[in-house]
Amino acid sequence: MTLLQINHVSHYFGGLKAVDEFNLDLHEGELVGLIGPNGAGKTTVFNLVTGAYRASEGSLLFQGHELVGKPPHVINGLGIARTFQTIRLWNQMTVLDNVKVAHHGRITYNPAEAFLRLPRYRQQEREIEDHSLELLRLFNLEQDAHERVSNLPYGAQRRVEIVRAMASQPKLLLLDEPAAGMNPQEISELMDFIHWIRDEFDLTIWLIEHQMRLVMNICERIKVLDFGATIAEGTPQKIQNDPRVVEAYLGEQVEEL
């Protein structure tokens, strides 16, 4: 079943066309890659899907809901969550509090109930904490729940960011360069981790990544951008043998795949 339909989406920054006629259908349970050189428009596409930018042209349908014009918190509430190219955590807060914050869209108590600590406030806060701790346990971070995020190693911070995204109970998870800054061993672990997330939570995953070993080993299909335009789409084998992709992006990396 189609989860996300992107139809003829373009986006301009002034006179610059950053994304040109982008089309993609994402189906439930897929694991899809988006690759291309720096500045190709990949993160701009994610920003359009999540409401950080408004598409200049075209349509973005998520389970029948038009996303164009909707703010990020509404889109998140529909079931789309993301991580960022640069980790964006509240470094002086604990791991647990970073995850609890992601539940804000599902809170139904009002400010007066919170101020007076009435039963509905206490019950929902208890449920939020229990759910957050359960997620941390599943992601092997329970022991760090009360640790400041800034004290965690880089790889653990990446996992906290993914846990925070998962706390909003998404149907579609967007990962923007999840392997950035990781060594080969950490990348191998990340590949298993992403597969586990997809299967354990019944998710659709769409990722941007420059680590071709990761992309070619876990993605079922890949879309390639260059200067905002799609130059190729298909299976990993098709992409790594496409002369346009080799010339524009892969280059010498092909020999390493």
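Only residues that are part of a loop (DSSP other than H, G, I, E, B), aliphatic (A, V, I, L, M) and within 13 Å of the chain's Cα centre (by Cα): list them for region 168-196, please. Ala179 - this is the single residue of region 168-196 that is part of a loop (DSSP other than H, G, I, E, B), aliphatic (A, V, I, L, M) and within 13 Å of the chain's Cα centre (by Cα). Summed over region 82-111, residues that are within 12 Å of Val160 (Cα to Cα) and loosely packed, with under 13 Cβ neighbours inside 10 Å total 1. All told, Glu161 meets the bar of being under 17 Å from the mean Cα position of the chain (by Cα) and in contact (Cβ under 8 Å) with a residue 24 or more places away in the chain. If you take the residues of region 83-127 that are of a type in the set (Val, Ile, Thr) and part of a helix (DSSP H, G or I), which of them is farthest from Ala179 (Cα to Cα)? This residue is Val101. Here Gly105 meets each of (1) modelled with pLDDT of 85 or more; (2) touching a Gly at 6+ places or on another chain (Cβ under 7 Å) with one exception, condition (1). The residues on offer are Val32, Val9, and the sole one that is part of a strand (DSSP E or B) and more than 23 Å from Val215 (Cα to Cα) is Val9.
Taking region 146-168 as the search range and keeping residues that are surrounded by fewer than 17 Cβ atoms within 10 Å (Cβ to Cβ) and of a type outside the set (Gly, Ala, Ser), which one is modelled with the lowest pLDDT? Once the filter is applied, the top-ranked residue is Tyr154. Scanning region 180-229 for residues that are touching a Pro at 6+ places or on another chain (Cβ under 9 Å), of a type in the set (D, E, K, R) and surrounded by 14 or more Cβ atoms within 10 Å (Cβ to Cβ) gives Glu209, Arg213, Arg221, Asp226. Quick check, is Gly79 surrounded by fewer than 20 Cβ atoms within 10 Å (Cβ to Cβ), closer than 28 Å to Ala156 by Cα and touching a residue at least 60 places away in the same chain (Cβ under 8 Å)? Spelling it out, Gly79 is indeed surrounded by fewer than 20 Cβ atoms within 10 Å (Cβ to Cβ), closer than 28 Å to Ala156 by Cα and touching a residue at least 60 places away in the same chain (Cβ under 8 Å).
When restricted to residues that are touching a His at 6+ places or on another chain (Cβ under 7 Å) and either within 16 Å of Lys223 (Cβ to Cβ) or crowded, with 21+ Cβ neighbours inside 10 Å (or both), region 32-60 contains 4.
The values are calculated or read from the model by the stated rules, or taken from the named source; none is laboratory data. Note that the structure is a prediction, hence the values are computed from the model and not measured. Don't worry about glycine lacking a Cβ; one is built from the backbone with ideal geometry, like all the others, and counts go over all protein chains shown.
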